[in-house]
Structures are given as C-alpha cells and as structure tokens.
Amino acid sequence: MTEQRNKQLLQLTLLLQLEQRARVAPAEELPYILVNETTDLLPYRQALLWQRDTAKIKAASGVALPEKNSPYALWINVVLKQFSHHENSDSAIIFTANDLPPDTRREWAEWLPEHGLWLPLPAPLGVKYILVLFREQQWKEGEIHLLSYLAEAYGHALALAESAQPKRPLIECLRDRRLQIIIAVIIVVALCFPIRQSVLAEAEVIPYHATIVRAPLEGVVEKFFVQPNESVTVGQKLFELDTAQLRSRLSVAEETRDIAKTEYLQTTQQAMLDPTAKSKLAVLKSKWDQQIAEVDYVRSLLERCEVTANKAGVTVFDDPNDWLGKPVTQGEKILAIADPHSVELEIRLPMDDLIELDAGNEVLFFSNVSPNQPLPASLSYFSYRASATPAQVMAYRLKATFTDSKVLPRLGYRGVAKLYGTRQAFVLWLLRKPIRTVRLWLAW
C-alpha cells in the first residue's frame, strides 16, 4: 500500500512539474516540451502535437522540426483528419488500426505502435490542438484521467503563448476559408464595378483660329524682322524674301521698255515722211505697252517680297535660323499670328490607347510647367483617321477647349492630357489590351 501511495505521489509531483514547465516555457519551445517531456509522467513511444484548424503537425517527438512532406507526415495527416471529424473529437479517444478505413490501416504497422490516444487540449476559445500518443501497451482509464488534467494545463499554456505571440503571417491568415471567401467576393465585386475609362496622351497648347502667313511667291527667305512669340501690330514687317533676282529682272524689263519706247518714237517721226512706216506703229505701240506692264508686274513682286502683319497678336513659328536661306514655294506656311488669349489644346492619342470618346468628354491638362495644377477642358474635335507623329507613332489628332477662360495656359506649353471616356467594368478596362491581342490572334 505504501509503495502504491509513493507511486501516486510521484505521479502527482511530475504532473505539477509538467504543468509549471509548460506555463513558463517560451512559446517557440512549448510544442517541443509537450511531445517530449510528457513521457516523464506516462511512458509512450511516439507523440504528435496536431493543429486542427490548419490540419498540420505542429511538433513530433524525437525531432526538432517535423518534415511536412515526408511519407509519414502525409499518411498521419490523413489519419488525424479522419479522427477530427469524429463525433467525440473534443474528448479523449482510444483508437487502433481497426478504427481506420481499410485503405488507411494497411500502413499502420509500418509507422505506429498498436495503441493510440487522441487527447484534445482544451482552451478558452475551444480545442485547437490535439496531443496524440502512441505505445505498445493498452491505455488505462486511470492514465487517461491523469492526462486529462495535464491536457487542460497544456491547452491554457498554448493559448497564453499564442496570445503573447505577434499576429500570424499573412500567408497563414489567407489559409482561413472564410477569409478566402470574403477576399474572393471583394475581388469579384471590384472587377465588376463600373469605372470611368481614362487614357493619357501628349498634348500641346495651340492657337485657336490663328492667321496663317504664307510665302507670297517662290523665292528664298532673306531676313526676319520678328522673333517667335513676339507681339506684332497691323502693318508691322514680319519677313522678306531675297530680291536680287527680281531686281535684276526689273532692270532688264526697264531697259527693254526704254528700247521699245525709243523704237516707237523713231517710227512715229519716220511715218510723217514715209507712209509705209505707219503700218509698224501699232506693233511697236503694243510692244511698248507690254514692256510697261512687265515692269509694273516685277515691281509689284518686289513689293510683295516684304510681308507685313494683317492682324495684331503674337508670332508662332520655330527658330528663324531654320528659314533663312531656305527656298520656299508660293503658298507655303511660314508662320502664324495668334491671339494669346484665344488658345486650345491639341492632343495626340496613339492608336493602341484608343478608348470610346465623344464630344464634350472631360479632359484634364497637366502642363510640364505646373503639373500639380491641372486645367479642365472639354473635347471638341476628333480626327476620323490616324496620322504619323514626329516620333513616327500612328495617333489620332484631338482638340479640346478650355472650360475656364480666366485661367489659360501660355501658348506653346506642352504636357499630358488625361481623357475620360464612358463607364465600363473594371475587369474589361484592365484586360482591354490583352483582349484585343487575343482577338487579333484568333482572327489570324
């Protein structure tokens, strides 16, 4: 009797020691202590700490870290999952290979001793961990009763350790089935949510209804009297063409006119004495008049070589040095005269970025000078076909009118325009380019 009481007292002492050891153990060492030091109280050959919500082995006796993809771990996970659905899975269960389906029990003898014990570790929020013990001897009721006290201490120690630990990593949180469903619903709603299409394109501030100044005749640009973006008044000189060739032509025409005049006058005097000379007067008079007309025409060309402004405004053209000495044809555009308070926005939209746009759609202009202050505009023109830009990109030419006439950008400013189109499901806007590419492939 005394020996039995000493044994019980020793077991009670070991139980208290294990409880104290579990409560003071660090969180990272606690699973290892549970599966390895419980054998001091009751002997067993194998022990596993299984986490029910993730269906994974948290710790195994005899190893520092269990191998997740080992054949043993894969097989035992199947066994433990089956017992987790048992109607009494929240209480201690004694089980053997006979309690498993035939396809699972065949490997029992290869991996485990004959008798197993399913021991839940209760916690304030429910049973999350299971301590599973295996040995050759059959489990007794007294042993299970003793382990139930230890299981409560283990469950509270694990719950306390988890509450003191930092939050689970994002990957582990995403394994929660309810969270996965919520995220999936949010993603589907976001993809189907209608958003307003928008696209970015290069833009430039250009004059609105500018007066084009063209070359009055064929020639070579000799001199510019104005600079780009210079204010001009009506009648002010803009540029002139080279007059050397016309002056030479005028000199020849004047000399030819004088010769024709002299011939006509001499023949007139001869006609007073020789009646046959009268027949030549009409021809000579016509020749004289023709040369007079030629002189007047060349003089008018010389006057036209000096081009003046017929409207007040600012000049819009590139560097004058690009024009000096350059031959031009009649009607070729040289520069423009624009009203600095009457501007519009020219947009070059690449074909690959084309979206559905209508007149009146909203446009925001972000100039390179002040990108933090976008200017509102309204789409007013859309070219019916694309043309090549200076960068050799096929793009549509669009124009927009600034809606706030009090705040207008300076003529010539460049920047980026954001064009807003119709509303469309977010997934269609996101996949519009891949869908277009797939359609091209299918059509091919």
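A few comments on the model shown:
- For the stretch 322-329, the count of residues that are within 30 Å of S405 (Cα to Cα) and touching a residue at least 60 places away in the same chain (Cβ under 8 Å) is zero.
- For the condition farther than 17 Å from G415 by Cβ, aromatic (F, W, Y) and exposed (fewer than 14 other Cβ atoms within 10 Å of the Cβ), Y381 qualifies.
- In the set (1) surrounded by 14 or more Cβ atoms within 10 Å (Cβ to Cβ); (2) more than 48 Å from the chain's Cα centre (by Cα); (3) within 24 Å of L160 (Cβ to Cβ), Q17 fails one condition alone, (1).
- For L41, the conditions (1) out of contact with any Lys or Arg (no Cβ under 9 Å at 6 or more places or on another chain); (2) farther than 22 Å from S148 by Cβ; (3) hydrophobic (A, V, I, L, M, F, W, C) all hold with the exception of (2).
- Which numbered condition P409 misses (of (1) at pLDDT 85 or above; (2) outside any strand (DSSP E or B); (3) surrounded by fewer than 17 Cβ atoms within 10 Å (Cβ to Cβ)): (3)
- Failed item in (1) farther than 18 Å from T38 by Cα; (2) modelled with pLDDT of 85 or more, with K58 passing the rest: (1)
- Test: S378 is within 19 Å of E202 (Cβ to Cβ), in contact with a Gly (Cβ under 8 Å, 6 or more places away or on another chain) and either of a type in the set (K, R) or at pLDDT 85 or above (or both): yes
- Residue count for the stretch 20-38, restricted to those that are at pLDDT 80 or above and under 16 Å from L147 (Cβ atoms): 7.
- Which listed residue is more than 19 Å from the chain's Cα centre (by Cα) and not polar (S, T, N, Q), from L431, L419, L408: L408
- Selection count, the stretch 106-132, where residues are within 56 Å of the chain's Cα centre (by Cα) and basic (K, R): 1
- Listing of strands (runs of 3 or more DSSP E) fully contained in the stretch 40-118 that carry 1 or more residues being free of Cβ contacts under 8 Å to residues at least 60 places away in the same chain and closer than 24 Å to Q11 by Cβ: 56-60, 93-95
The values are calculated or read from the model by the stated rules, or taken from the named source; none is laboratory data. Computed from a predicted structure; not experimentally measured. Because the Cβ atoms are built from the backbone with ideal geometry, glycine has one as well, and the counts that use them run over all protein chains shown.
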